[in-house]
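Heads up: the structure comes next, in structure tokens.
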Amino acid sequence: MKFRALSLVIIFLSLIPRLSYAEEVKPEGKGKAMKIIVTSRAFKDGGMIPDKYSGRGEDISPPISWSMIPKGAKSVALICDDPDAPTKVWVHWVIFNIPPDEGGIAENRPKKEELSKGALQGLNSSGLIGYEGPFPPSGVHRYYFRVYALDTMLDLEGGITREDLDKAMEGHILGTGELMGKFER
């Protein structure tokens, strides 16, 4: 009986390192996505977005930073949208193929398809390239800056829609994170 109990303990202990390793290492594009930390020096998560980054101000893109990009990431994508828009979710920014080691996007990105180091921008809901700042018809709206770490560079051209990006990212997301800012007209 003692031998059997000891054997069970040894078997159990031999599995512990394997279980820990299995929880930490996930195949690329499979399993639960890892959490990315997304911040901005312009506003805090849940805070108000300054006028400078809105349609009421200079309408320039805010600085967005991220950390905890999973190993194996080949590119990063960012989508900013407003789920509180009256008729549909309003897309304010689509940008992808950002090198993962960039650590973020600087303030005031040009409103053109191709940016430095291979990053590309898509269309916002107004049908324009690049960032479109908040300018809701009324009330307080929420703006989500969602960051996606991908296991590939996307074979897409600039000027795509958010739907195109969502479809291309399927099965390639290693990690996600978001920053939410508010704006009131």
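Summary table below
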quantity: Label zone at Ser116, where the point sits 7 Å out along the Cα-to-Cβ direction: the stretch 67-88 residues whose backbone N lies under 18 Å; calculated: 76
quantity: The stretch 26-184 - percent relative contact order, Cα under 8 Å, separation 6 or more; calculated: 33
quantity: Calculated FRET efficiency for the pair Ile37/Thr152, C-beta based, R₀ 22 Å, to 0.05; calculated: 0.50
quantity: Hypothetical label at Glu163: residues of the stretch 77-99 whose amide nitrogen lies under 15 Å (7 Å Cα-Cβ projection); calculated: 88-91
quantity: Inter-part distance where the stretch 121-185 and the stretch 42-76 are each reduced to a Cα centre, Å; calculated: 11
quantity: 19 Å cut-off, amide nitrogen to a point 7 angstrom out along Asp84 Cα→Cβ, residues in the stretch 158-179; calculated: 178-179
quantity: Qualifying GluC sites (Glu not before Pro) for the stretch 114-185 [loop in DSSP, other Cβ within 10 Å: at most 16]; calculated: Glu157, Glu170
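Coordinate-derived values only; no laboratory data. All of these numbers come straight from a predicted model, not from anything done at the bench. Backbone-built Cβ (ideal geometry, glycine too); neighbour counts: all protein chains shown.
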